[in-house]
1. Return yes when G37 is out of contact with any His (no Cβ under 7 Å at 6 or more places or on another chain) and on the phi > 0 side of the Ramachandran plot and no when it is not.
2. Considering each residue of the stretch 38-61, count those that are over 16 Å from S24 (Cα atoms) and either touching an Asp or Glu at 6+ places or on another chain (Cβ under 6 Å) or not hydroxyl-bearing (S, T, Y) (or both), and give that number.
Amino acid sequence: MSIELVHIGFGNILAMSRAIAIASPNSAPTKRIIHDGRNNGKVIDMTSGRRTKAVIFTDSGHIVLAALAPETIASRFQSNKPGILSKQEQSDIADEP
């Protein structure tokens, strides 16, 4: 079984198969979900200190915060642009200590 990985900015990588939705962080319901997720330990902040531009919901209930726009992440999910790691790059990451 192969896991497809996507670069979501600043050296952070996400398994594509685990993401179920990508949203903008600006709406009140999304802000409320992020707040509740922080209280429950379900938020993974991958912004590297930058402003959150996208919120990625995973099948495990985790909430991933990213500094890239939702459109950018979605295009990386859908195409074979440089944002998606090749099999060799995935292997190199797996081999790192």
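1. no
2. 8
Condition check ((1) exposed (fewer than 14 other Cβ atoms within 10 Å of the Cβ); (2) touching a Pro at 6+ places or on another chain (Cβ under 8 Å)) across all residues:
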residue: D36; (1), (2): yes, no
residue: D45; (1), (2): no, no
residue: R51; (1), (2): yes, no
residue: V55; (1), (2): no, yes
residue: S60; (1), (2): yes, no
residue: A66; (1), (2): no, no
residue: I73; (1), (2): no, no
residue: S79; (1), (2): yes, no
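Any read-out appearing in this document is the output of simple, stated calculations on the displayed coordinates, not a laboratory observation. Computed from a predicted model, the values in this text were never measured in an experiment. All Cβ positions, even for glycine, are placed from backbone atoms using ideal geometry, and neighbour counts span all protein chains on display.
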